[in-house]
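For reference, the structure is listed below as structure tokens.
The values are calculated or read from the model by the stated rules, or taken from the named source; none is laboratory data. Only a predicted model underlies this, so the values are computations on that prediction, with no experimental measurement involved. Please note: Cβ atoms are built from the backbone with ideal geometry, for glycine as well, and neighbour counts cover all protein chains shown.
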Amino acid sequence: MTSAAITIDPDSYLYPEIEAAVKKHLPDITIVQKYSVDAPKTFHYAEYEDLDFDRLNSADPNYLACSYVYRKHYLANTVAHYTAKHPDSALKKAFPECFNIEVDYAEFLDDALDEAYELRSELEQNQQLPENEPRKTWILKPSMSDRGQGIRLFQTIDGLQRIFDEFEEDNDNDDGNDDNTMGNVDTSSGDYDNKIITSQLRHFVVQEYIANTLLLQAHDRRKFHIRTYVLCVGDLRVYVYRQMLALFALAPYSAPPMSEGLDGIPLRGHLTNTCLQGEFKDDKSVALFWDLDGISLKEKQDIYAELCQVTGDLFRAAAANSMHFQARSNAFEIYGLDFLVTEDHHIKLLEVNAYPDFKQTGPQLVSVITTLFDAVIETAVKPYFDSSSVPERKDLTLVFQQQAH
């Protein structure tokens, strides 16, 4: 019996969307909520840890999984290696300066900066500037966290050291209870309270903070980023999903201060990850990119074209580095790519998220996810079962296709 094993929580945000798409495009396929290795031909949509990696890694033609193998904290290395060989790539200008650091404990930060000596040099230059001169700001992201946990802004080595000291202090005070680590708004300070848990320590990404962000008066001059869903199929076709989201910070934007101060840099107007906003998320936190006011259709089309070019080059770079990105003939994956738009309407690639949080779309725009999974099932899953040709859909733009060897 051929089957679609949808083993995620039936009460989850995604389950009804996947189920409806399968029923529409594959009406004769049996949908089950428990995966069986004995099923002769199976499409398996599951949490990453629940996939059958023996069948996935052996390229079993009778098993189609919803995930590749991708290591997020190697993104900077992948881009750096590719752009060194291809300096004319669109990625060269679109990817902010970025460093990877490994810090087991706060006391070892100095050792980590010895390894990332270029970052140390940047921070030392900042530290030597007078307090009335603007400094380059950096953003710290824990590699193994999601939904904005642990993100901080800083400008100097002292500022970065205070952040790691704070992480350790928070963990000592939590007594092993992880329930308090989710990001939210601290009502006492009005800023984000996005703690980190001990298991997320070690791998960190330090990325240049992009200060010249596009601000739209019609959207209260709140900073935003574009969430783009990207579908990768087999080994390898890459599509950009045209219906993109604009995710907004809670407060109007103001540039980072010239000096970070002892209390660090407030996050409220800078971080656009709506997972952090909790109950304070409002009806202006999420919008459709194509519905944004204050920017013309032609400007949006140009941004989209550049975004597609960058995405194509990104996965071309990833495909050339099979150690950290392993496309499989019997798999597909949806990634959430985050882009910032600058004042001059160019884009910066901020992050690539495997297993993105689709709930950021919110209940008002759930149709974006409905149509996305309709496209995913028709493009990535239906041909697997009935050998039909891959359809051309107006809501998917093919940006990269790896040539068969």
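Taking region 104-119 as the range and being assigned to a helix (DSSP H, G or I) and closer than 20 Å to TRP138 by Cβ as the test, the residues that pass are ALA106, PHE108, LEU109, ASP110, ASP111, ALA112, LEU113, ASP114, GLU115, TYR117, GLU118, LEU119. Looking only at residues in region 365-389 that are touching a strand residue (DSSP E or B) at 6+ places or on another chain (Cβ under 9 Å) and over 16 Å from VAL22 (Cα atoms), the one that is surrounded by the fewest Cβ atoms within 10 Å (Cβ to Cβ) is LEU365. For region 54-79, filtering for residues that are surrounded by fewer than 20 Cβ atoms within 10 Å (Cβ to Cβ) and over 19 Å from MET323 (Cβ atoms) leaves 5.
Restricting region 27-45 to residues that are in contact with a strand residue (DSSP E or B) (Cβ under 7 Å, 6 or more places away or on another chain) and of a type in the set (A, V, I, L, M) leaves a set whose member that is nearest to SER329 (Cα to Cα) is ALA39. Being modelled with pLDDT of 90 or more, in a helix (DSSP H, G or I) and of a type in the set (Asp, Glu) is a description that does not apply to ASP172. Can we say PHE224 is assigned by TED's automatic domain parsing to the domain that holds GLN161 and either closer than 30 Å to ILE377 by Cα or at pLDDT 70 or above (or both)? No, not satisfied. In the condition set (1) under 30 Å from VAL103 (Cα atoms); (2) at pLDDT 75 or above, MET244 is compliant with all but (1).
Scanning region 123-142 for residues that are surrounded by fewer than 19 Cβ atoms within 10 Å (Cβ to Cβ) and either in a helix (DSSP H, G or I) or modelled with pLDDT under 85 (or both) yields GLU124, GLN125, GLN127, GLN128, PRO130, GLU131, ASN132, GLU133, PRO134.
Residues in region 248-283 that are surrounded by 15 or more Cβ atoms within 10 Å (Cβ to Cβ), of a type in the set (D, E, K, R) and either modelled with pLDDT of 65 or more or not in a loop (DSSP other than H, G, I, E, B) (or both): 2 in all.
Quick check on SER199: is it outside the structural domain of ALA317 (by TED's automatic domain parsing), farther than 30 Å from GLU131 by Cα, surrounded by fewer than 16 Cβ atoms within 10 Å (Cβ to Cβ) and at pLDDT below 90? Spelling it out, SER199 is indeed outside the structural domain of ALA317 (by TED's automatic domain parsing), farther than 30 Å from GLU131 by Cα, surrounded by fewer than 16 Cβ atoms within 10 Å (Cβ to Cβ) and at pLDDT below 90. Restricting TYR117, TYR82 to residues that are of a type in the set (Ser, Thr, Tyr) and either in the same structural domain as HIS345 (by TED's automatic domain parsing) or surrounded by fewer than 16 Cβ atoms within 10 Å (Cβ to Cβ) (or both) narrows the list to TYR117. For region 144-157, the criterion of being modelled with pLDDT of 90 or more, among the polar types (S, T, N, Q), part of a helix (DSSP H, G or I) and over 16 Å from LEU267 (Cα atoms) is satisfied by no residue at all. Tell me, please, whether a residue that is under 20 Å from the mean Cα position of the chain (by Cα), surrounded by 19 or more Cβ atoms within 10 Å (Cβ to Cβ) and part of a loop (DSSP other than H, G, I, E, B) can be found in region 85-103. Yes, the conditions are met somewhere in region 85-103. For region 28-53, the set of residues classified as touching an Asp or Glu at 6+ places or on another chain (Cβ under 8 Å), outside any strand (DSSP E or B) and either surrounded by fewer than 16 Cβ atoms within 10 Å (Cβ to Cβ) or not assigned by TED's automatic domain parsing to the domain that holds LEU14 (or both) consists of VAL37 only. Scanning region 204-220 for residues that are in a loop (DSSP other than H, G, I, E, B) and modelled with pLDDT of 95 or more gives LEU214, LEU215, LEU216.
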